[in-house]
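Worksheet for the structure shown next.
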Amino acid sequence: MKKIFYMIAAVLLAASCCGTKKGAASLIPGHYAYQHGWEYETKDGYVSVHETGTMDYCKDGTALDSACQVYTVTRPDRSVYTITFNYVSPSRWRAEGEDFYFAGIADSFRMEVLDIQGPDKAWGDKFAHRMMKNVGSTIDRETKFHIASLTRREFVWSYTYPDGHTDTWEFRRQVGPGAE
């Protein structure tokens, strides 16, 4: 009897895992909160970015990504700049099996400077405008992500860069099926 119970449980678990990925498009819509960070090295120095935001995925394949992004730049001379942006990106999405495709909509994308802290305001302003131009010029490129996890409470995508490192975005559902 115990063996039959475990076999049934295993079949149900396997079916629910597979069903989640196959029915991803129907499970994704909702309002999510997220935090994400990344860092990189440039000729300007070491850049560390942290964002806190919300993502609204709609059933029609549109989305709205709204975040407060904070860029901290440590220059080669050890001076530090902190630049805060309001980031608003109306977007498009689609899911196919374990693949998730996402792209911003360039015509309605906004990235606005909220604050610049640092020893040379002119340098900080120039850096901020360069970031807004760089991000805006690539926002509409569709990117293929991997659906790492999709449940009623969370949606996790990952992306593996050409250099082999993988980055993950974790979204926690705030409103919709299964929200607490």
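Some notes on this structure:
Listed here are the residues, each with its yes/no results for (1) touching a Pro at 6+ places or on another chain (Cβ under 8 Å); (2) at pLDDT below 95.
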residue: GLY97; (1), (2): no, yes
residue: SER108; (1), (2): yes, no
residue: MET111; (1), (2): no, no
residue: ASP120; (1), (2): no, no
residue: LYS126; (1), (2): no, no
residue: MET132; (1), (2): no, no
residue: THR138; (1), (2): no, no
residue: ARG141; (1), (2): no, no
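- Contacts under 9 angstrom Cβ, first residue in segment 138-165 being in a loop (DSSP other than H, G, I, E, B), partner of a type in the set (Val, Ile, Thr), 6 or more apart: ILE139/ILE105; ASP140/ILE105; THR151/THR20
- Residue list for segment 47-95, restricted to those being open to solvent by 50 Å² or more (accessible area, probe 1.4 Å) and under 21 Å from the mean Cα position of the chain (by Cα): HIS50, THR52, CYS58, LYS59, ASP60, THR62, LEU64, CYS68, ARG92, ARG94
- Within segment 111-134, considering residues that are surrounded by 14 or more Cβ atoms within 10 Å (Cβ to Cβ) and of a type outside the set (A, V, I, L, M, F, W, C), the one farthest from the chain's Cα centre (by Cα): GLY118
- Tallying residues that are open to solvent by 40 Å² or more (accessible area, probe 1.4 Å) and under 19 Å from SER48 (Cβ atoms) within segment 153-176 yields 7.
- Flag if SER66 is free of Cβ contacts under 8 Å to residues at least 40 places away in the same chain, touching a Gly at 6+ places or on another chain (Cβ under 7 Å), within 16 Å of PHE145 (Cα to Cα) and not acidic (Asp, Glu): no
- When segment 29-43 is filtered for residues that are within 10 Å of the chain's Cα centre (by Cα) and part of a loop (DSSP other than H, G, I, E, B), nothing remains.
- Scanning segment 135-152 for residues that are out of contact with any Phe, Trp or Tyr (no Cβ under 7 Å at 6 or more places or on another chain), surrounded by fewer than 17 Cβ atoms within 10 Å (Cβ to Cβ) and not acidic (Asp, Glu) yields VAL135, SER137, THR138, ARG141, SER149, THR151, ARG152.
- Some residue of segment 115-136 being part of a strand (DSSP E or B) and within 28 Å of TRP157 (Cβ to Cβ): no
- Residue match in segment 15-36 (condition: within 17 Å of VAL135 (Cα to Cα), at pLDDT 70 or above and open to solvent by less than 70 Å² (accessible area, probe 1.4 Å)): yes
The values are calculated or read from the model by the stated rules, or taken from the named source; none is laboratory data. None of these values were measured; they are calculated from a predicted model. Glycine gets a Cβ as well: all are built from the backbone with ideal geometry, and neighbour counts include every protein chain shown. These area figures cover heavy atoms from the full protein model, side chains too; ligands, DNA and RNA do not enter into them. Shrake-Rupley method; radii C 1.70, N 1.55, O 1.52, S 1.80 Å.
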